[in-house]
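Below: one structure, written as structure tokens.
The values are calculated or read from the model by the stated rules, or taken from the named source; none is laboratory data. Since the structure is predicted, the reported quantities are computational estimates derived from the model, not experimental observations. We place every Cβ from the backbone using ideal geometry, glycine too, and count neighbours over all the protein chains shown.
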Amino acid sequence: MNKSNNTQHLDSSPNGEVRRGLQNSSPNGEVRRGLRNNNPLNIRRNPRNKWKGLRPVQDDPSFCQFTEMKWGIRAAIRLMENYIRKGFKTPRQIISRWAPPSENNTAGYVNSVAMFLNGKLGMDARMQRREDFCLLAQAMAWVETGKQLPYELFEEAWKTLTKKTLPPNLPAVANRSVSIGRLPL
């Protein structure tokens, strides 16, 4: 086993228990789909979404493919903002919407994210700050891909959001301003 391809990860069992271990990039040694697609949170394709940074040719039948990792992360953060506008205000609620129990082990996903965050962001805290979005996206990307991506990559993605907005019921914070209307993709 090539140690340079191994990543520390958490694996959640069907009953929601979380296990720590080492795993190759994938069972057959290939780069995981979310990393290959520059889409570390595995955003599904939807013809209505015209994300910035999409590859001109989308040859993955299920998931978006981006030209750079920052664009995939940017799309994920934008989706989180949209979830907040729809009433999903905490990391636990966002994850429950992102990875619903009908398709995922949501409890295991929440537990894995909480373990990764190690108290930096409470699972029932309201999402309000840039750091909240970046930390949650980083933790979710780790659960989705098994690889810890550098926090600076999430900061870079945040900076690509051209229209800085928050839902009307959340206060504006540093580097953010309140705006009304549809969020640009």
Counting only helices (runs of 4 or more DSSP H) entirely within segment 23-98, those with at least 3 residues that are at pLDDT below 95 are 69-85
Which one is nearest to the chain's Cα centre (by Cα) among residues in segment 99-126 that are of a type outside the set (Asp, Glu), closer than 20 Å to residue 43 by Cα and part of a loop (DSSP other than H, G, I, E, B)?
99
Take the residues in segment 54-98 that are touching a residue at least 60 places away in the same chain (Cβ under 8 Å) and aliphatic (A, V, I, L, M), then tell me which one is nearest to residue 122 (Cα to Cα).
84
Would segment 165-185 turn up any residue that is part of a loop (DSSP other than H, G, I, E, B), within 16 Å of the chain's Cα centre (by Cα) and at pLDDT 65 or above?
no
Any chance you could count how many residues in segment 126-149 are among the polar types (S, T, N, Q) and either within 16 Å of residue 98 (Cα to Cα) or free of Cβ contacts under 8 Å to residues at least 40 places away in the same chain (or both)?
2
